[in-house]
1. Among the residues of the range 111-149, what is the count of those that are touching a residue at least 24 places away in the same chain (Cβ under 8 Å), within 25 Å of Ser64 (Cβ to Cβ) and not in a strand (DSSP E or B)?
2. Within the range 92-131, restricting attention to residues that are β-branched (Val, Ile, Thr) and surrounded by fewer than 19 Cβ atoms within 10 Å (Cβ to Cβ), which residue is modelled with the highest pLDDT?
3. May I ask you to verify whether Phe108 is in contact with an Asp or Glu (Cβ under 9 Å, 6 or more places away or on another chain), in contact (Cβ under 8 Å) with a residue 60 or more places away in the chain and under 19 Å from Ser19 (Cα atoms)?
4. Scan the range 77-88 and give yes if some residue there is within 16 Å of Glu25 (Cβ to Cβ) and either β-branched (Val, Ile, Thr) or exposed (fewer than 11 other Cβ atoms within 10 Å of the Cβ) (or both), otherwise no.
5. Would a scan of the range 92-103 turn up a residue that is under 20 Å from Thr153 (Cα atoms) and either assigned to a helix (DSSP H, G or I) or out of contact with any helix residue (DSSP H, G or I) (no Cβ under 6 Å at 6 or more places or on another chain) (or both)?
6. Of these, Glu47, Glu27, which one is outside any strand (DSSP E or B), touching a Lys or Arg at 6+ places or on another chain (Cβ under 9 Å) and at pLDDT 95 or above?
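The values are calculated or read from the model by the stated rules, or taken from the named source; none is laboratory data. For clarity, every value in this text was computed on a predicted model and none was experimentally measured. Ideal geometry is used to build each Cβ from the backbone, glycine not excepted, and the neighbour counts take in all protein chains shown.
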Amino acid sequence: MATADTVSLGNAHPPKENSIKAFNEIEVELKTKLQHLRHEMTKHEPEYFAAVKNLSDKQLTTFSSDDLKEVRVASSAYGLHLFGKVLLPESDPSHSYPEKASDKYFHFRAFIPGDASSAQLHSIHTEEVEKPDGDKVYRAIFSSKDPLEWFDT
């Protein structure tokens, strides 16, 4: 399996045609998985999705390829690893443009096998960080300032 140590992750940039195509191929699964992840995580640690607790499942999944704001790509012997940063449009009820610092995002990872013509969803990023005092911070929702970095989960 590719890791941050075994492949080089390219710089962040706006999505190009191939990234948008890959996103469109996994969009339905991405929406289903995001809802499922929220339901499962909320049972055990509601903090993961606390930033969007006011959104219904429908509002949480109103995103489309237009909301794919940033991507990073890594190439391995097996194919391409696509990391994406997706705006949750309903996190800003005014739908302002350009996006505001308070807008919310989630990060996903997809894989495009070298011998396949379609992308596969690998994971949606969830983060557990232990602070110096031992307290833990959990999140699956990020801000515009959070960089899109390599993740396994």
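1. Count: 14.
2. Residues of the range 92-131 that are β-branched (Val, Ile, Thr), as a first pass: 112, 124, 126, 129.
So of that shortlist, the ones also surrounded by fewer than 19 Cβ atoms within 10 Å (Cβ to Cβ) come out as 126, 129.
Details: Thr126: 97, Val129: 92.
So, considering only residues that are β-branched (Val, Ile, Thr) and surrounded by fewer than 19 Cβ atoms within 10 Å (Cβ to Cβ), the one modelled with the highest pLDDT is Thr126.
3. On the way: in contact with an Asp or Glu (Cβ under 9 Å, 6 or more places away or on another chain): no; in contact (Cβ under 8 Å) with a residue 60 or more places away in the chain: yes; under 19 Å from Ser19 (Cα atoms): yes.
Spelling it out, it is not the case that Phe108 is in contact with an Asp or Glu (Cβ under 9 Å, 6 or more places away or on another chain), in contact (Cβ under 8 Å) with a residue 60 or more places away in the chain and under 19 Å from Ser19 (Cα atoms).
4. Of the residues in the range 77-88, the ones within 16 Å of Glu25 (Cβ to Cβ) are 79-84, 86.
When the remaining residues are screened for being either β-branched (Val, Ile, Thr) or exposed (fewer than 11 other Cβ atoms within 10 Å of the Cβ) (or both), the result is 86.
Yes, the conditions are met somewhere in the range 77-88.
5. Within the range 92-103, the subset under 20 Å from Thr153 (Cα atoms) is none.
No - not one qualifying residue is present in the range 92-103.
6. On the way: Glu27 fails: touching a Lys or Arg at 6+ places or on another chain (Cβ under 9 Å).
It is Glu47.
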